[in-house]
Amino acid sequence: MTMDHSDLTTEQVLRRDIPWETYMSTKLITGTGLQLLRRYDKKPENYKAQLLDDDGPSYIRVLVSILRDIFKEETVEYVLALIDEMLTANPTRARLFHDTSLANEDTYEPFLRLLWKGNWFIQEKSCKILSLIVSARPKPQDAAIANGSSKSKELTTIDDVLKGLVEWLCTQLKKPSHPSRGIPTAISCLATLLKEPVVRSLFVQADGVKLLVPLISPVSSQQSIQLLYETCLCVWLLSYYEPAIEQLGASRALPHLIEVVKGSTKEKVVRVVVLTLRNLLQKGTFGALMIDLGLPQLVQSLKAQAWSDEDLLEALNQLEGGLQDNIKKLSSFDKYKQEVLLGHLDWSLMHKDPMFWRENITKFEENDFQILRVLITILDTSTDPRTLAVACFDLSQFIQYHPAGRIIVTDLKAKERVMKLMNHENPEVTKNALLCIQRLFLGAKYASFLQA
């Protein structure tokens, strides 16, 4: 299969002339079929639309029967291009495939077969058309009336179609048939199909969730914005389904989603990710993980931006509320960490409580003294006197309670920063800066005298 062949466009294919008469003479098309095709083929858009309004199911019957009986590649491509053109112009025409007059036609079978058999143009169009037809089918309560007629032959069932589609889509995500279009096509169809609970279940059974995770990443080009959006849309649809949530939890989905929100300016992307995070917040360990990944700070900065979408603003408020509830349930050190990471310190009970420092002092060593480093950065960056005073006090507590406190704080170059604050105009800041410097110079043994 040559490369140019797989990059055919619908427009190019529709320029071909198909010898319908020959097919009739070899009995592959009926006389009526030929008449309908002559009336429809190569006509202006508005004229075709009128024919479909008047007699849509007859046209569907002819086109599907050609796909069923004729295997010449050019003709198969042409018919798929006709159907694609018809559905692109008006997606609600997918309902025509479910007309009661077609109850004994196997309208799904040709598309399902072509998913695996054809070249890329044929696969892509079959997937797109099949996804639209399946989504437009009458749901069970409507179908009871439609299926009154007894089926004479075994038709392809909706289960066969959905299983086949999900299998093909997962295969594309693992090993795309087309280098640049395989994955976007699969994701685009998934975003349509995952609205259905049964597809969510099939997708999870096929272990599909982990195939989405690598695609959740901040984008560089316009082309991939749509892919990112549709991937996040898939994850959002899956976030309503418990077994999928478990798989999302086991993957690296959450850090990826948070990275996307940090790096995205597109409102529709931010919105679908925030809605997903809101769904996941109450599940399993997601809440604690979101707090660790700095989501409370991120929500603060998102709320400060001018979004026009009401749903997004509401979801941000709910996310903020939910994260705060989670923070309330955290251990005292987790709360302390949040306070430091948010950069607003206050004299809450922990700071002066010797028990807090004795129990948690080794936790300050996590992530290469991350929290201690942030405290020291606050001395450089904060303009709030209360925050500066508490940061100086906390550093002095660390020096007092950690066996190597003085050495560590000195190594992290905190001394110069605290010295600067000894000339601060706010007396609370200067008092605590002084306490910190004294502990640094005198060591813990003497420092305990200075507590009064």
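A few points about this structure:
- Extension gain, TYR240 to LEU342: 0.36 nm times the residue separation minus the Cα-Cα distance gives 33.7 nm.
- Under 17 Å from the GLN282 label point (7 Å along Cα→beta-carbon), backbone N, segment 238-267: 238-246
- ASN317/THR362 FRET efficiency (R0 30 Å; Cβ-Cβ; nearest 0.05): 0.20
- Of PRO110, LEU82, LEU51, farthest towards positive along the dipole that unit charges on Lys, Arg, Asp, Glu beta carbons give segment 1-114: LEU51
- Modelled FRET efficiency - R0 22 Å, MET419 with ASP353, Cβ distances, 0.05 increments: 0.20
- Amide H contacts of ILE29 (H built 1.01 Å from N, in plane; Pro and chain starts excluded): MET24 sit under 5 Å, all sequence-distant by 5 or more or on other chains.
- Carbon and sulfur %, accessible surface of segment 319-452 computed with the full protein complex present, 1.4 Å: 55
- Remark: the GLU154-GLN223 segment gains 20.6 nm on full extension, using 0.36 nm per residue and subtracting the alpha carbon distance.
- Per residue, the chain exposes 49 Å² of accessible surface when a 1.4 Å probe is rolled over the protein heavy atoms with every protein chain present.
- ³J(HN,Hα) computed for each position of segment 357-366 - Karplus, 6.51 cos²θ - 1.76 cosθ + 1.60, integer Hz, glycine/proline x: 5, 4, 6, 10, 4, 6, 5, 5, 7, 4
- Taking each DSSP H run with n ≥ 4 as -39500 (n - 2.57) and averaging over every residue of the chain yields -21500 deg cm²/dmol at 222 nm.
- In sequence order, segment 43-55 has phi-based couplings of 9, x, 3, 5, 5, 4, 4, 5, 4, 5, 5, 6, 8 Hz under the Karplus curve 6.51 cos²θ - 1.76 cosθ + 1.60, θ = phi - 60°, and Gly or Pro positions carry x.
- Longest segment of the chain lacking chymotrypsin sites (Phe, Trp or Tyr not before Pro) that sit in a DSSP loop with at most 12 other Cβ atoms within 10 Å: 72-346
- Under a model in which nothing but the beta-carbon of Lys, Arg (+1) and Asp, Glu (-1) is charged, the chain shows a dipole of about 780 debye around its Cα centre.
- Principal-axis tilt of helix 158-174 within the chain, Cα atoms, nearest 10 degrees: 50
- Phi angles of segment 391-405 translate, via the Karplus equation with coefficients 6.51, -1.76, 1.60 and θ = phi - 60°, into HN-Hα couplings of 5, 4, 4, 5, 4, 5, 5, 4, 4, 5, 9, 8, x, 10, x Hz per residue; Gly and Pro are given as x.
- Unit charges at the beta carbon, dipole of the chain: most positive-side option, GLN35, LEU275, LEU435: LEU435
- In plain terms, the chain from ALA404 to LEU51 could stretch by 118.6 nm, reckoned as 0.36 nm per residue minus the Cα-Cα distance.
The values are calculated or read from the model by the stated rules, or taken from the named source; none is laboratory data. Note that this is a predicted model, so its numbers are computed, not measured. Glycine gets a Cβ as well: all are built from the backbone with ideal geometry, and neighbour counts include every protein chain shown. Heads up: the accessible areas ignore ligands, DNA and RNA and are worked out on the full protein's heavy atoms, side chains in. Shrake-Rupley method; radii C 1.70, N 1.55, O 1.52, S 1.80 Å.
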